[in-house]
Amino acid sequence: MELIPTQQEVLDLFRSTGGLRTGHFEYPNGWHTDEYLQVALTMRHYDAAKLLSVGLSRLVRRNSELRAIIPELSIVAPATGGLPVAYGVCEALRARQVYWAERLNCDEPMRLRQFLEVKKGEKVFLVDDILRTGTKLVELKQLMEEQGAEVVGMAVIVHQPVPGAPNFGTLPFYSLAEIDPKYYKDAKACDLCANGVPLEKTWV
Ligand SMILES: [Zn+2]
């Protein structure tokens, strides 16, 4: 495997570790799909987590502007899926620090741990395991900017955008693989439902 794994190598790794499944799945928002990715199932294997984090960090290093500020970068993730990615990327880059935002309950806004102070102008690089709807990264970016930080880029292991997922414009954005599953807006529109394929509901 190359220093930066190819899309195919990443997908093979996900399949061999149970992270990527083919079938018939329903998301909590009611959408149906033929492929489901649960990055945490792959990240539980330390070697796989390391390979993916190092690969992602190498993509970041290719950007000379980001490379120049690595020693002062804070790697920030939304909890909990982003945490192993954040620690792996921080270690591989030798960046300055890692922290995360979380919510106590799903209907509450994201926040940082008590007494965690963001410096004005602090350069932060956001990471997560996957971008699907993009809502977590949008909220995290907004939170960091409200705290006075400067978001200098983003990276996810997998980019699997649903229709209408945000585009972050000129902000550097990196991923190791892009998955383009079929999405159906509900059971009525779903070919798999029409063919009687057994359905599995997903939690996230
Ligand atoms: Zn269906």
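This table checks each residue for (1) part of a strand (DSSP E or B); (2) open to solvent by less than 80 Å² (accessible area, probe 1.4 Å); (3) over 23 Å from Val138 (Cα atoms); (4) not acidic (Asp, Glu).
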{"residue": "Val54", "(1), (2), (3), (4)": "no, yes, yes, yes"}
{"residue": "Pro84", "(1), (2), (3), (4)": "no, yes, no, yes"}
{"residue": "Tyr87", "(1), (2), (3), (4)": "no, no, no, yes"}
{"residue": "Ala95", "(1), (2), (3), (4)": "no, yes, no, yes"}
{"residue": "Pro109", "(1), (2), (3), (4)": "no, no, no, yes"}
{"residue": "Gln114", "(1), (2), (3), (4)": "no, no, no, yes"}
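Determine if the range 30-52 includes at least one residue that is surrounded by fewer than 17 Cβ atoms within 10 Å (Cβ to Cβ), modelled with pLDDT under 95 and part of a loop (DSSP other than H, G, I, E, B). Among the residues of the range 30-52, at least one is surrounded by fewer than 17 Cβ atoms within 10 Å (Cβ to Cβ), modelled with pLDDT under 95 and part of a loop (DSSP other than H, G, I, E, B), which makes the answer yes. Any residue that is within 16 Å of the ligand (Cβ to nearest atom) and not aliphatic (A, V, I, L, M) - is there at least one of those in the range 36-44? Looking for residues that are within 16 Å of the ligand (Cβ to nearest atom) and not aliphatic (A, V, I, L, M), one finds at least one in the range 36-44, hence yes. Of all residues in the range 120-144, those satisfying the criterion of being of a type outside the set (D, E, K, R) and assigned to a loop (DSSP other than H, G, I, E, B) are Gly121, Thr133, Gly134. When the criteria are applied in full, Val158 fails the requirement of being at pLDDT 95 or above, away from the ligand (no atom under 16 Å from the Cβ), more than 14 Å from the chain's Cα centre (by Cα) and on the phi < 0 side of the Ramachandran plot.
In this structure, Val76 does not qualify as β-branched (Val, Ile, Thr), assigned to a helix (DSSP H, G or I) and under 30 Å from Glu117 (Cα atoms). One residue stands out among those in the range 171-204 that are among the hydroxyl-bearing types (Ser, Thr, Tyr) and at pLDDT 95 or above: the one that is surrounded by the fewest Cβ atoms within 10 Å (Cβ to Cβ), which is Ser175. Among the residues that make up the range 167-189, is at least one of them out of contact with any helix residue (DSSP H, G or I) (no Cβ under 8 Å at 6 or more places or on another chain), in contact (Cβ under 8 Å) with a residue 40 or more places away in the chain, in a loop (DSSP other than H, G, I, E, B) and away from the ligand (no atom under 16 Å from the Cβ)? Looking for residues that are out of contact with any helix residue (DSSP H, G or I) (no Cβ under 8 Å at 6 or more places or on another chain), in contact (Cβ under 8 Å) with a residue 40 or more places away in the chain, in a loop (DSSP other than H, G, I, E, B) and away from the ligand (no atom under 16 Å from the Cβ), one finds none in the range 167-189, hence no.
Do the conditions hold for Gly23, that is, is it over 19 Å from Gly81 (Cβ atoms) and either open to solvent by less than 30 Å² (accessible area, probe 1.4 Å) or in a helix (DSSP H, G or I) (or both)? Criteria met by Gly23.
Check the range 145-154 and report whether any residue there is within 27 Å of Gln8 (Cβ to Cβ), away from the ligand (no atom under 16 Å from the Cβ) and either over 16 Å from the mean Cα position of the chain (by Cα) or part of a helix (DSSP H, G or I) (or both). Checking the range 145-154: not a single residue is within 27 Å of Gln8 (Cβ to Cβ), away from the ligand (no atom under 16 Å from the Cβ) and either over 16 Å from the mean Cα position of the chain (by Cα) or part of a helix (DSSP H, G or I) (or both).
The values are calculated or read from the model by the stated rules, or taken from the named source; none is laboratory data. The shown structure was predicted, so the numbers you read here are calculated from the model rather than taken from an experiment. With ideal geometry, Cβ positions are generated from the backbone for all residues, glycine too; neighbour counts draw on all protein chains shown. Just so you know, the surface numbers come from the protein's heavy atoms only, side chains and all, with ligands and any DNA or RNA stripped out. Shrake-Rupley method; radii C 1.70, N 1.55, O 1.52, S 1.80 Å.
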